[in-house]
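> The structure is given below, and queries will be raised subsequently.
The values are calculated or read from the model by the stated rules, or taken from the named source; none is laboratory data. Here the structure is a predicted model, which means the values were calculated and not measured. So basically every Cβ, Gly included, is an ideal-geometry build from the backbone, and we count neighbours across all protein chains shown. Note: accessible area is taken over every heavy atom of the protein model, side chains too, but ligands, DNA and RNA are not part of it. Shrake-Rupley method; radii C 1.70, N 1.55, O 1.52, S 1.80 Å.
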Amino acid sequence: MSYLILSIVILLIGILGIILNRSNLIIMLMCVELVLLASTILLLFESRVLYTLFGQIFAIVILTVAAAESAIGLAIMVNYYRLRGTIAVRASNLLRG
Amino acid sequence: MNSLFMIFSLGIVGASLMVISTPNPVYSVFWLVIAFVNAAVMFISLGLDYIGLIFIIVYVGAIAILFLFVIMLIQQPNKIDSQDHSHFLPIGLSVIFLFYSLLTNSPKYISNPVIGSRTNIGAIGSHLYTTYYELVLIASLVLLVAMIGAILLAKQPNSPFLYNSHGESLRSRQDLFLQISREHL
């Protein structure tokens, strides 16, 4: 039960960081990593309690997805900085019209 | 065991709070490293040794270093953002409440193959390459797509092609097939 609370708290901290962060897009990517950490903690907890293996295998898959996501996200961040000159979230108003 | 879990979980929660609250992104990366090391030690103390070591290798050794490299590449002007963003707090709390209600209403678990009396890495290997081989294929495809996408995104367009109105390149290029077959025309 405490693992459930821990993973929910980390997930909510990650979402709160994504919403409240206004200065840097990279911190937003770190918050996505925190959300993935929360899901991994939940899966491993379930794998440990139920004595099954699917949670651990899916944790490895989530690790892969996290690595791919951070690579793509940081490449997009570098391109965005080349395009706009800043990576502040409040400056991302290309769609404002 | 329980006090150990409390120590590590408080470490994870405090480090992740520091991740979202420090204005300097370099310190934020360091707090993220601390959170992931705490999580890895917690997994190892649970008995999931392979996952814990892989966490340290992948997250601390690869992803955090990647973040640090990009932060060094994108050197922002060194001003500290001291604006008040507390007016985003109601929408943040409402989204958190939405996610919390989604989580508490999520369906229960499904049944799965049993580990047995093997070591952790042996069980993972023997199941990952036989029962769940599709996941290995999907993970390899994800990594391939990420690699190609990152290379294509980060490629510097140092020689931008100039196109005229016909969509052809203004730069004259050597067309070997046309040159060789010209005398046979």
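> Can you tell me how much longer the chain between B:HIS87 and B:TYR133 gets when fully stretched, taken as 0.36 nm per residue apart minus their C-alpha distance, in nm with one decimal?
Using 0.36 nm per residue and subtracting the Cα-Cα distance, I get 11.8 nm.
> Let me ask something else about it. Need one value for A:27-37: mean number of C-beta atoms belonging to other chains within 10 Å of its residues' C-beta atoms.
6
> Only sites in a loop by DSSP and with at most 15 other Cβ atoms within 10 Å count here; which trypsin sites (Lys or Arg not before Pro) in segment A:4-97 make the cut?
In loop regions of segment A:4-97 (DSSP not H, G, I, E or B), the sparsely surrounded trypsin sites (Lys or Arg not before Pro) are A:ARG22, A:ARG96.
> Okay, next question. Which value in deg cm²/dmol, rounded to the nearest 500, describes the helix-derived mean residue ellipticity at 222 nm for chain A, given -39,500 (n - 2.57) per DSSP H run of n ≥ 4 and division by the residue count?
Mean residue ellipticity at 222 nm (helix-derived): -28000 deg cm²/dmol.
> Please compute, for the alpha-carbon atoms of segment B:1-75, the extent along each of the three principal axes and give them in descending order in Å.
Principal-axis extents of the Cα atoms in segment B:1-75, largest first: 43, 25, 9 Å.
> Would you kindly state how much longer the chain becomes between B:SER126 and B:PHE177 on full extension, computed as 0.36 nm times their sequence separation minus their alpha carbon distance, in nm to one decimal?
13.0 nm is the gain from fully extending B:SER126 to B:PHE177.
> What distance in nm lies between label points placed 7 Å from Cα along the C-beta direction at B:LEU152 and B:VAL60?
With each label point 7 Å from Cα toward Cβ, the separation is 3.6 nm.
> What percent do you get for the relative contact order of chain A when only Cα pairs under 8 Å and 6+ apart count?
Once divided by the residue count of chain A, the mean separation gives 30 percent.
> Which value, in Å² rounded to 10, gives the accessible area of B:LEU10 with a 1.4 Å probe and all protein chains present?
Only protein atoms counted, so the area is about 120 Å².
> Shifting gears a bit: Separation of segment B:44-65 and segment A:67-97 by C-alpha centroid, Å?
28 Å
> What's the FRET efficiency of B:ILE44 with A:LEU94 using the Cβ-Cβ distance as r and R₀ = 41 Å, to the nearest 0.05?
It comes out at approximately 0.35.
> Using a 10 Å cut-off on Cβ to Cβ distances, tally the other chain neighbours for every residue of B:85-97 and report the average as a whole number.
Average per residue, whole number: 3.
> What are the membrane-span-like helices in chain A by this rule: whole DSSP H runs, Cα extent along the axis at least 27 Å, mean Kyte-Doolittle hydropathy at least -0.5?
A:25-50, A:54-84
> Rg/Rh for segment A:1-88 to two decimals, with Rh computed the Kirkwood way over all alpha-carbon pairs.
When Rh is taken as the Kirkwood radius, the ratio is 1.09.
> What average count of beta carbons from other chains do you get within 10 Å of the Cβ of residues in B:141-151? Write down the numbers at each step before the final one.
Working: counts 2, 6, 5, 1, 2, 10, 3, 0, 5, 9, 2.
Mean partner shielding for this stretch: 4.
> While we're looking at this one, here's another question. Which chymotrypsin sites (Phe, Trp or Tyr not before Pro) in segment A:9-84 pass both tests, a DSSP loop state and at most 16 other beta-carbon atoms within 10 Å?
A:TYR51
> At 1.4 Å probe size, put B:HIS87, B:HIS184, B:HIS127 in order of accessible surface, largest to smallest.
From most accessible down to least: B:HIS184, B:HIS87, B:HIS127.
> Rounded, prolate or oblate: which fits segment A:1-44, taking a ≥ b ≥ c as square roots of the Cα gyration tensor eigenvalues, rounded meaning a/c under 1.5, else prolate when a/b beats b/c?
Note, shape of segment A:1-44 comes out oblate.
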